[in-house]
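S.K.: I'd like to ask you about the structure that follows.
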Amino acid sequence: EELAGEESEEQEHTHQHNVQQVVDVLAEHDDNVRYYQAEFYRFIEMIAEEKLKLFDYRASEEYNIKKLMFRQYEKKPLSYYRMSRVRDSVVLILDNSGSMQWWAKNLQILAGLALARRDVEVYIAPNGHIVEKILPGWGTVKVSHDAVMKALKGRKIIYVGDFDGANTPVELSFNNDVIWVCPESRYRRFRSHDWVDYDEEDFRGAFLRVYDLDEMFHAFRRLLSYQHFGRVWIDLHED
């Protein structure tokens, strides 16, 4: 609460985003995350769109039927024609500012699970301002918020953050499929927060108000029951 208060006071005086990173999302944690891993990976695979006609020759989940038709001419072994479809990568954006410190362990778990996969891009965005991209095995690299926002078009995005950075998931939802995991307990409505420039109807993605990972995965399972994720509102704390 003290960090969030200081953060709010600072921004009111400067009229600029406070991009101080308080939570180290790459820090080690002791929790057993096997259950979360299974749930998270299942959800990623369900929402990731397959890129038609593109195949990953390092895997062998199915036959490439079109190439298999030429086997009689190529005389290659049957195993040569088994491969895996390539999926679009999912984007994970994490707000690690002071107001999200109570979610520090959850952010670390999500970052660790995402970085263990090849199909998830992870960005760090304190108060919704994208400042770094995490490269597995290399660490972080500085990025431009405006450049990333402009480059993200037609993507599946999971944004994790409270109302301090609300403008970012709302703006991303104009051109992407956005799932906003929102552990916001201070405000009920977007406009109740002085920093938010949009109303609820401006957000075109799926809004999930949850306070822990168990609630997040419960909301994920509910979300998968919808045919489309656009303008879906799941508030587990509406009362």
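S.K.: Taking interchain pairs and intrachain pairs at least six residues apart, which have beta carbon atoms under 7 angstrom, with the first residue in the range 203-217 and small (Gly, Ala, Ser) and the second open to solvent by 10 Å² or more (accessible area, probe 1.4 Å) and in a loop (DSSP other than H, G, I, E, B)?
M.R.: GLY205/PHE229; GLY205/GLY230; ALA206/PHE229
S.K.: Looking at ASP194, ASP119, ASP177, which is the one that is charged (D, E, K, R), open to solvent by 30 Å² or more (accessible area, probe 1.4 Å), in contact (Cβ under 8 Å) with a residue 12 or more places away in the chain and under 12 Å from VAL91 (Cβ atoms)?
M.R.: After ruling out the rest, the residue left standing is ASP177.
S.K.: Taking the criterion of being farther than 27 Å from ASN175 by Cα, open to solvent by 20 Å² or more (accessible area, probe 1.4 Å), in a helix (DSSP H, G or I) and at pLDDT 55 or above, would at least one residue in the range 17-34 satisfy it?
M.R.: Taking every residue of the range 17-34 in turn, at least one turns out to be farther than 27 Å from ASN175 by Cα, open to solvent by 20 Å² or more (accessible area, probe 1.4 Å), in a helix (DSSP H, G or I) and at pLDDT 55 or above.
S.K.: Could you tell me which numbered condition GLY137 fails, if it satisfies all but one of (1) open to solvent by 20 Å² or more (accessible area, probe 1.4 Å); (2) touching a residue at least 24 places away in the same chain (Cβ under 8 Å)?
M.R.: (2)
S.K.: Let me ask you something else. Consider the range 180-191. How many of its residues are open to solvent by 10 Å² or more (accessible area, probe 1.4 Å), in a loop (DSSP other than H, G, I, E, B) and either among the charged types (D, E, K, R) or more than 18 Å from HIS237 (Cα to Cα) (or both)?
M.R.: Of the residues in the range 180-191, 3 are open to solvent by 10 Å² or more (accessible area, probe 1.4 Å), in a loop (DSSP other than H, G, I, E, B) and either among the charged types (D, E, K, R) or more than 18 Å from HIS237 (Cα to Cα) (or both).
S.K.: Follow-up question, since we're still on this one. When only residues in the range 129-164 that are assigned to a helix (DSSP H, G or I) and touching a strand residue (DSSP E or B) at 6+ places or on another chain (Cβ under 8 Å) count, which is farthest from GLN227 (Cα to Cα)?
M.R.: If we take residues in the range 129-164 being assigned to a helix (DSSP H, G or I) and touching a strand residue (DSSP E or B) at 6+ places or on another chain (Cβ under 8 Å), then VAL148 is farthest from GLN227 (Cα to Cα).
S.K.: Looking at ARG155, ARG222, ARG209, ARG204, which is the one that is more than 20 Å from GLN21 (Cα to Cα), of a type in the set (Lys, Arg) and surrounded by fewer than 16 Cβ atoms within 10 Å (Cβ to Cβ)?
M.R.: Among ARG155, ARG222, ARG209, ARG204, only ARG222 is more than 20 Å from GLN21 (Cα to Cα), of a type in the set (Lys, Arg) and surrounded by fewer than 16 Cβ atoms within 10 Å (Cβ to Cβ).
S.K.: Something else about it: How many residues, within the range 90-116, are surrounded by 19 or more Cβ atoms within 10 Å (Cβ to Cβ) and in contact with a strand residue (DSSP E or B) (Cβ under 7 Å, 6 or more places away or on another chain)?
M.R.: Adding up the residues that qualify gives 11.
The values are calculated or read from the model by the stated rules, or taken from the named source; none is laboratory data. Here the structure is a predicted model, which is why all the values come from computation and not from measurement. Note that each Cβ is placed from the backbone with ideal geometry, even for glycine, and that neighbours are counted across all protein chains shown. The area values use the complete protein model at the heavy-atom level, side chains included, leaving out ligands, DNA and RNA. Shrake-Rupley method; radii C 1.70, N 1.55, O 1.52, S 1.80 Å.
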